[in-house]
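Below is one structure; the comments refer to it alone.
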Amino acid sequence: MMFVLGLLSKAASLLATGLGLLLAWAVYYQFSTTKMPPGICQPLKIRILHIFLTMAFGLGHILWKIGICSEFAFIRIITDGLPSKKDEKLSIKNTYFEDVPVRIYHPKISSPEKRKGILFFHGGTGVIGSIDAYENMCSYLAWKSDVVVVSVGQHLAPEYRYPMQFCECFTATEFFMKNAEHYGVNPTDIVIIGDNLGGTLAAFVSQELVKRKDLPKLRAQILVGPFLQALDFNLLSYQQNRFVPIVSQEFLVNYLLRYITKNKTVVDFAIEETHIPEDRKKKYHKWLNSDNIPMKVKQRGKYTELQPPTNPFDNIQCLMKAVAETTLSPLLAEDAVLQQQPDTFILTCEFDVLRDDGLLYRKRLEDNGVRVSWCHLKDGFYGVLLHFNRWFLNFTFAQRGVDSVANYINSL
């Protein structure tokens, strides 16, 4: 018994030491790699939160490396948070639209007429974020604006690869539009909302609906801190907010690549031979072939032919082509498509690397005759909706941001 207690005591001591070292590293990393600009909302709270998130990413990476969990499992648990207390004013139901998981928030009070419908696409850089993470925000919108909210649980990368999420969001939209009346919603009064990378999905769906004459037109689209182009990561907002927590320039670009492809660096592409166009690879194979190497040289060790990746976006040529397409860069859509976009509300934050994506899309839409409303949070940073009413994750600017969204919905 004493032996077991001794082992437990040593294990606890090692764990405490490990966590202490991890905390020290996170504090050092926070102060050496980030900058807190004047005017940002609750700077001390941001630093504390960022330190603990850095620890969570570090601990999650360690657990992944030793085979305890998948790469992002731990940080997903942290960001999803504790289960929210169910709002008694709402009927909340988990279901599927086709094969896409959704959660429906329906006000319990009866309405004399069909309500507005909201389709919400969550953010989280494509690798984190979920229906649960945005539970409080969706509940708030449902009762504040007296609308039916459908929160779409598109799957996450890298387990589910791009462009699966775009297909899921469009499938959910199509299903909801065709069956809106079943959920007490006017099919001509549907609004889509997207948060950061969910804003990419929302803009994509809105543009794709232009091609579908068999579906009702959207009443409006709401893009909150949206990611709208993958060509220029050195816009003014990227440069001004390069080292601003919680999402820096390097963090965003890194996780965007993880969203699209398993490769992260030029070195990865080169080692896996995914920097060569497939047509040229076939042409050069007759010269770059181990059959041409003398047998006496080949006898030392084994030679294994590298298997080509099954995902086309793991080839850097395909990847570069993909980032210029309107799925990942809806800001680059043709004027003819933008002219058919619905009324739009864009929310931007001063200290967000994605700020200028929203501003540039606003300009393009207005130039094409689309009515655009704009809200700018001067003290806000990345992840407005994710920071709404979530214990320590909550920030004051998030309440103002969500209220501006609710007020816009009420004005339609």
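The values are calculated or read from the model by the stated rules, or taken from the named source; none is laboratory data. Quick caveat: nothing in here was measured; it's all calculated off a predicted structure. Don't worry about glycine lacking a Cβ; one is built from the backbone with ideal geometry, like all the others, and counts go over all protein chains shown.
On the basis of being touching an Asp or Glu at 6+ places or on another chain (Cβ under 8 Å), farther than 21 Å from residue 220 by Cα and not in a helix (DSSP H, G or I), does residue 110 make the cut?
Details: touching an Asp or Glu at 6+ places or on another chain (Cβ under 8 Å): no; farther than 21 Å from residue 220 by Cα: yes; not in a helix (DSSP H, G or I): yes.
For residue 110, the condition - touching an Asp or Glu at 6+ places or on another chain (Cβ under 8 Å), farther than 21 Å from residue 220 by Cα and not in a helix (DSSP H, G or I) - is not met.
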(request) Pull up the stretch 201-228, narrow it to residues that are over 20 Å from residue 377 (Cβ atoms) and polar (S, T, N, Q), then point me to the one that is surrounded by the fewest Cβ atoms within 10 Å (Cβ to Cβ). (result) 207
(request) Could you tell me which numbered condition residue 186 fails, if it satisfies all but one of (1) under 21 Å from residue 105 (Cβ atoms); (2) crowded, with 18+ Cβ neighbours inside 10 Å? (result) (2)
(request) Only residues that are surrounded by fewer than 15 Cβ atoms within 10 Å (Cβ to Cβ), assigned to a helix (DSSP H, G or I) and charged (D, E, K, R): list them for the stretch 54-105, please. (result) 65
(request) Answer with yes or no whether residue 188 is assigned by TED's automatic domain parsing to the domain that holds residue 122, in a strand (DSSP E or B) and hydroxyl-bearing (Ser, Thr, Tyr). (result) yes
(message) Just to be sure I understand, how many residues within the stretch 371-396 are more than 13 Å from residue 195 (Cβ to Cβ) and modelled with pLDDT of 95 or more?
(response) 10
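Take residues that are under 24 Å from residue 163 (Cα atoms) and tell me which of the helices (runs of 4 or more DSSP H) falling wholly in the stretch 197-265 contain 2 or more. Don't jump to the end; show me each part of the working.
Values: elements: 197-209, 236-240, 249-260.
Those helices (runs of 4 or more DSSP H) span 197-209, 249-260.
Kindly indicate whether residue 336 is out of contact with any Ser or Thr (no Cβ under 7 Å at 6 or more places or on another chain), of a type in the set (A, V, I, L, M, F, W, C), in a helix (DSSP H, G or I) and at pLDDT 90 or above. Even if it seems obvious, please write down each step before you answer.
Details: out of contact with any Ser or Thr (no Cβ under 7 Å at 6 or more places or on another chain): yes; of a type in the set (A, V, I, L, M, F, W, C): yes; in a helix (DSSP H, G or I): yes; at pLDDT 90 or above: yes.
The answer is yes for residue 336.
Checking the condition closer than 30 Å to residue 411 by Cα and either assigned by TED's automatic domain parsing to the domain that holds residue 160 or in contact with a strand residue (DSSP E or B) (Cβ under 8 Å, 6 or more places away or on another chain) (or both), which residue from 37, 101 passes? Walk me through it before giving the result.
Details: 37 fails: closer than 30 Å to residue 411 by Cα.
None of the others qualify; the one that does is 101.
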(message) So, in the stretch 106-127, how many residues would count as being closer than 25 Å to residue 394 by Cβ and buried (at least 21 other Cβ atoms within 10 Å of the Cβ)?
(response) 9
(request) Check whether at least one residue in the stretch 10-26 is closer than 26 Å to residue 250 by Cβ, of a type in the set (Gly, Ala, Ser), touching a Cys at 6+ places or on another chain (Cβ under 9 Å) and not assigned by TED's automatic domain parsing to the domain that holds residue 124, and report yes or no. (result) no
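Conditions tested, residue by residue: (1) assigned by TED's automatic domain parsing to the domain that holds residue 351; (2) among the hydrophobic types (A, V, I, L, M, F, W, C).
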position: 217; (1), (2): yes, no
position: 223; (1), (2): yes, yes
position: 231; (1), (2): yes, yes
position: 253; (1), (2): no, yes
position: 270; (1), (2): no, yes
(request) Return the total of residues in the stretch 171-183 being without any contact (Cβ under 8 Å) to a residue 40 or more places away in the chain and crowded, with 18+ Cβ neighbours inside 10 Å. (result) 1
(message) List pairs: first residue in the stretch 13-29 and at negative phi, second residue surrounded by 10 or more Cβ atoms within 10 Å (Cβ to Cβ) anywhere in the structure, Cβ distance under 6 angstrom, at least six positions apart or on different chains.
(response) 22/55; 22/58; 26/51; 26/54; 26/55; 27/51; 29/54
(request) List every residue pair whose Cβ atoms sit under 6 Å apart, with the two residues 6 or more apart in sequence or on different chains, where the first one lies in the stretch 311-332 and is at positive phi and the second, anywhere, is among the acidic types (Asp, Glu). (result) none
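I need a count of the residues in the stretch 124-179 that are assigned to a helix (DSSP H, G or I) and over 22 Å from residue 217 (Cα atoms). Outline the logic, then answer.
Initial filter on the stretch 124-179 (assigned to a helix (DSSP H, G or I)): 132-144, 164-178.
From what's left, over 22 Å from residue 217 (Cα atoms): 132-140, 143-144, 164.
Number of matching residues: 12.
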(message) Here is a check on your reading of the model: is residue 341 in contact (Cβ under 8 Å) with a residue 60 or more places away in the chain, assigned to a loop (DSSP other than H, G, I, E, B) and farther than 20 Å from residue 133 by Cα?
(response) yes
(request) Output the residues belonging to the stretch 365-407 that are in contact with a Leu (Cβ under 8 Å, 6 or more places away or on another chain), surrounded by 15 or more Cβ atoms within 10 Å (Cβ to Cβ) and farther than 26 Å from residue 341 by Cβ. (result) 387, 393, 397, 398
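Could we say that residue 250 is surrounded by fewer than 15 Cβ atoms within 10 Å (Cβ to Cβ) and touching a strand residue (DSSP E or B) at 6+ places or on another chain (Cβ under 7 Å) here?
Working: surrounded by fewer than 15 Cβ atoms within 10 Å (Cβ to Cβ): yes; touching a strand residue (DSSP E or B) at 6+ places or on another chain (Cβ under 7 Å): no.
Against the criterion (surrounded by fewer than 15 Cβ atoms within 10 Å (Cβ to Cβ) and touching a strand residue (DSSP E or B) at 6+ places or on another chain (Cβ under 7 Å)), residue 250 does not qualify.
Each row is one residue, and each column tells you yes or no for (1) touching a Ser or Thr at 6+ places or on another chain (Cβ under 8 Å); (2) part of a helix (DSSP H, G or I).
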residue: 328; (1), (2): yes, no
residue: 348; (1), (2): no, no
residue: 356; (1), (2): yes, yes
residue: 398; (1), (2): no, yes
residue: 407; (1), (2): no, yes
